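Asker: Got a structure for you, questions after.
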Amino acid sequence: MSPNIIVQFVGFQATPRGREYTFAVREPAAEPVDYVLIIPSSAFDSRRIRYQDAPDICSHKLHHELALSGNHPLETEFCLSDQELDEYRAAHAPKPLKYPYAPRPSHDD
């Protein structure tokens, strides 16, 4: 992906297909191109993905598609797969807590 490209989150809307997230991609001296990324409603209903994570997931997907295609994907609409959602969730899972004060071992004297 070119360092001169700007990817801007425009907004989302709920549709029968799911939530559609729109991003505008701008290159110098070119008209912006809108891309729509869709996350099925079932992913939210089953709590596989959180609403607040959706724009970030879509941004990762769009950046990946832009990188694969030299900033010009053939499609302007992408539907995120279950596998992509699972991979994102696994990569962004909270780290287990480390207890700074571990319990002392008991001494049987």
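Asker: Does segment 93-104 contain any residue that is without any contact (Cβ under 8 Å) to a residue 24 or more places away in the chain and not in a loop (DSSP other than H, G, I, E, B)?
Answerer: If we filter segment 93-104 for residues that are without any contact (Cβ under 8 Å) to a residue 24 or more places away in the chain, which is where we start, we get 93-104.
Those left that are additionally not in a loop (DSSP other than H, G, I, E, B): none.
Checked segment 93-104: no residue is without any contact (Cβ under 8 Å) to a residue 24 or more places away in the chain and not in a loop (DSSP other than H, G, I, E, B).
Asker: Out of the residues in segment 1-40 that are of a type in the set (S, T, N, Q) and part of a loop (DSSP other than H, G, I, E, B), which is nearest to Ala67 (Cα to Cα)?
Answerer: Here is the first cut: in segment 1-40, the residues of a type in the set (S, T, N, Q) are 2, 4, 8, 13, 15, 22.
Among the residues that remain, those that are also part of a loop (DSSP other than H, G, I, E, B) are: 2, 4.
Details: Ser2: 8, Asn4: 13 Å.
Restricting to residues being of a type in the set (S, T, N, Q) and part of a loop (DSSP other than H, G, I, E, B), the top hit is Ser2.
Asker: Being outside any loop (DSSP other than H, G, I, E, B) and either at positive phi or surrounded by 14 or more Cβ atoms within 10 Å (Cβ to Cβ) (or both): is that true of Gly70 here?
Answerer: On the way: outside any loop (DSSP other than H, G, I, E, B): no; either at positive phi or surrounded by 14 or more Cβ atoms within 10 Å (Cβ to Cβ) (or both): yes.
In short, no.
Asker: Yes or no: segment 21-40 includes at least one residue that is under 23 Å from Ala93 (Cβ atoms) and among the hydrophobic types (A, V, I, L, M, F, W, C). Walk me through how you get there before you give the answer.
Answerer: Step one: list which residues in segment 21-40 are under 23 Å from Ala93 (Cβ atoms), which gives 21, 37, 39-40.
Going one step further and asking which of them are among the hydrophobic types (A, V, I, L, M, F, W, C), we end up with 37, 39.
Looking for residues that are under 23 Å from Ala93 (Cβ atoms) and among the hydrophobic types (A, V, I, L, M, F, W, C), one finds at least one in segment 21-40, hence yes.
Asker: Name the residues in segment 1-17 that are closer than 18 Å to Pro40 by Cβ, surrounded by 11 or more Cβ atoms within 10 Å (Cβ to Cβ) and modelled with pLDDT of 95 or more, would you? Can you show your working first?
Answerer: Keep residues of segment 1-17 that are closer than 18 Å to Pro40 by Cβ, which gives 12-17.
Remaining after also requiring surrounded by 11 or more Cβ atoms within 10 Å (Cβ to Cβ): 12, 15, 17.
Hits for segment 1-17 are Phe12, Thr15.
Asker: Answer yes or no as to whether Ile49 is surrounded by 13 or more Cβ atoms within 10 Å (Cβ to Cβ), out of contact with any strand residue (DSSP E or B) (no Cβ under 6 Å at 6 or more places or on another chain), among the aliphatic types (A, V, I, L, M) and modelled with pLDDT under 95. Quick ask: steps written out before the conclusion?
Answerer: Working: surrounded by 13 or more Cβ atoms within 10 Å (Cβ to Cβ): yes; out of contact with any strand residue (DSSP E or B) (no Cβ under 6 Å at 6 or more places or on another chain): yes; among the aliphatic types (A, V, I, L, M): yes; modelled with pLDDT under 95: yes.
For Ile49, the condition - surrounded by 13 or more Cβ atoms within 10 Å (Cβ to Cβ), out of contact with any strand residue (DSSP E or B) (no Cβ under 6 Å at 6 or more places or on another chain), among the aliphatic types (A, V, I, L, M) and modelled with pLDDT under 95 - is met.
The values are calculated or read from the model by the stated rules, or taken from the named source; none is laboratory data. What you see is a predicted model; the values in this text were computed from it and never measured. As a convention, Cβ positions derive from the backbone with ideal geometry for all residues, glycine included, and neighbour counts pool all protein chains shown.
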